Structure formats: C-alpha cells, structure tokens
1. Listed residues B:L49, B:L102; which is under 19 Å from B:L128 (Cβ atoms), surrounded by fewer than 17 Cβ atoms within 10 Å (Cβ to Cβ), under 19 Å from the mean Cα position of the chain (by Cα) and free of Cβ contacts under 8 Å to residues at least 60 places away in the same chain?
2. I'd like to verify a number: residues in the stretch B:28-74 that are basic (K, R) and more than 14 Å from chain A (Cβ to nearest Cβ), how many?
3. If you take just the helices (runs of 4 or more DSSP H) that sit entirely in the stretch B:112-215, which of them hold at least 2 residues that are at pLDDT 95 or above and surrounded by 15 or more Cβ atoms within 10 Å (Cβ to Cβ)?
4. I'm checking my understanding of the structure. Among residues of the stretch B:91-103 that are within 16 Å of B:L139 (Cβ to Cβ) and in contact with a helix residue (DSSP H, G or I) (Cβ under 8 Å, 6 or more places away or on another chain), which one is farthest from the other protein chains (Cβ to nearest Cβ)?
5. Taking the stretch B:111-126, which residues are more than 10 Å from every other protein chain (Cβ to nearest Cβ) and farther than 17 Å from B:Q190 by Cα?
6. Which of the residues that make up the stretch B:171-200 are within 12 Å of another protein chain (Cβ to nearest Cβ) and in contact (Cβ under 8 Å) with a residue 40 or more places away in the chain?
7. Could you tell me which of the residues B:R79, B:R86, B:R142 is in contact (Cβ under 8 Å) with a residue 60 or more places away in the chain, under 25 Å from B:I23 (Cα atoms) and over 18 Å from the mean Cα position of the chain (by Cα)?
8. Quick one: in the stretch B:1-46, of everything that is aromatic (F, W, Y) and surrounded by 15 or more Cβ atoms within 10 Å (Cβ to Cβ), which residue is farthest from B:I101 (Cα to Cα)?
Amino acid sequence: CLQETQKDEL
Amino acid sequence: MNIFRFAGDMTHLISILVLLLKIYATKSCSGISLKTQELYALVFLTRYLDLFTDFISVYNTIMKLVFIASSLAVVCCMRMHRVVRRSYDKDLDTFRHYFLILASFVLALLVNEKFTFQEIFWAFSIYLEALAILPQLVLLQRSGNVDNLTGQYVFFLGAYRAFYILNWIYRYFTEQHFSRWIACVSGLVQTVLYADFFYYYFISWKNNAKMQLPA
C-alpha cells in the first residue's frame, strides 16, 4: 500500500 | 506552494476562463466535447470531497470552489442554454466516456494510498483526469479544424499538468519523504496524451496558420 500523502494540491 | 504549482494553477484557471469566454462570447460550444466537461466536473467533485473537512488555505479553498462551480456551469450551459446547446456537435462527440469512468474506478480500487472512501475517490479523480481529455481530442480530430479559442483552451489545459510535473520534481528534491506516485504517474500519462495536440498546435503557431489536425 502506498504512503498516504496530505492533499495540499489542487 | 512553489512557482511551478502556482503557474500550473493559474494556467488551469486561464484554460477555464478561455472556455467560458468562448462559450459566452460566441454563444457557441462547437468543437467543445460535453463528455470531457462532464468528466471534469466529476473529477473536481470526487477530488474535493475534503473541501469542508480539511482546511489547507484560503487560496486552496477558493480555487476548489472555482473549479467545481465553473465545470458545473459549463456542463449546465451546454445542456440547458437554448442557444448554446444547438451548437453542440452531438454526432461527433460520441466517445464512450463511461468506460473511462469505469476503468478509473476499478484502478482506484486496486491502486490507492489507503482503502478509504475519500482516498479511493481521490485516486479515482486523479486517474479520470488523465483520461478526461480523450473525448475532446477525438472530437477535435473528427471536426478537423480547431478554432482559436478551443485550441487555446486545450493548450492551457494540457500545459497546467506539465507545470505540475515540474512542481513534483521540485518538491521531490526540496522535501523529505515526498512521494506522490499516483499523481506523478497519472500526471505524466495525462501530459503525454496531449503530445500530438501540442505538436500540431506548435506547427500551426509557427506557420501562423489555422490549426489543422490530420483526420
């Protein structure tokens, strides 16, 4: 499973 | 925020403004694929599910609202407006975009950052955005001639994700543990899909001729 990223991009 | 991402967001915004200009100024949506517009509305609605739960910045929230509102406005205008809808190339815009939605959703179920509702829909929106331009490119191929505003719309729409690729490269080198594989790979595919359009767009710009796509 991929590392969860913070969705700070549009 | 870095200059590449800001340039990408502004280019994306310009593409939407050019599209709105084309539709309202010419009162026509000829050459515009309604299916691509519907896919983009779906992309924004599924990507910004965190609009009211995760506050990133005022800029981020405003841009999300602008993208959602403008994409829905274009779809509604193309479907409802009694003058605009008459100019829709219904018989040319026949791409089976439901397959794109299905393929993106299946892939999102298989490849995601976390098997949660929000993350699956986020991955779905990323995959769908990479493919959303296909009905538009097919429509342009079929209609042959590309009017200036439509050509500029597709050009800016393609250019914005290219800026995002520079943004991901920049963030990879300046931030520890930066890894956005889903967005990066999908963004790369998305930009490559525009490659032939960019080529013919550049040729027509160089020859100062009207843009022609080979049938």
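1. Just one listed residue meets the conditions, B:L102.
2. Qualifying residue count, the stretch B:28-74: 1.
3. Details: elements: B:117-131, B:134-143, B:148-174, B:181-193, B:195-206.
Counting at least 2 such residues, we get B:117-131, B:134-143, B:148-174, B:181-193.
4. This residue is B:L92.
5. Result: B:F117, B:I120, B:F121.
6. Within the stretch B:171-200, B:R171, B:I182, B:A183, B:G187 meet the criteria.
7. Numbers: B:R79 fails: in contact (Cβ under 8 Å) with a residue 60 or more places away in the chain; B:R86 fails: in contact (Cβ under 8 Å) with a residue 60 or more places away in the chain.
Selected residue: B:R142, the only one of B:R79, B:R86, B:R142 that is in contact (Cβ under 8 Å) with a residue 60 or more places away in the chain, under 25 Å from B:I23 (Cα atoms) and over 18 Å from the mean Cα position of the chain (by Cα).
8. Out of the qualifying residues, it is B:F4.
The values are calculated or read from the model by the stated rules, or taken from the named source; none is laboratory data. Treat the numbers as computed from the prediction; the structure is a model and nothing was measured. Virtual Cβ from ideal backbone geometry, glycine too; neighbours counted across all protein chains shown.
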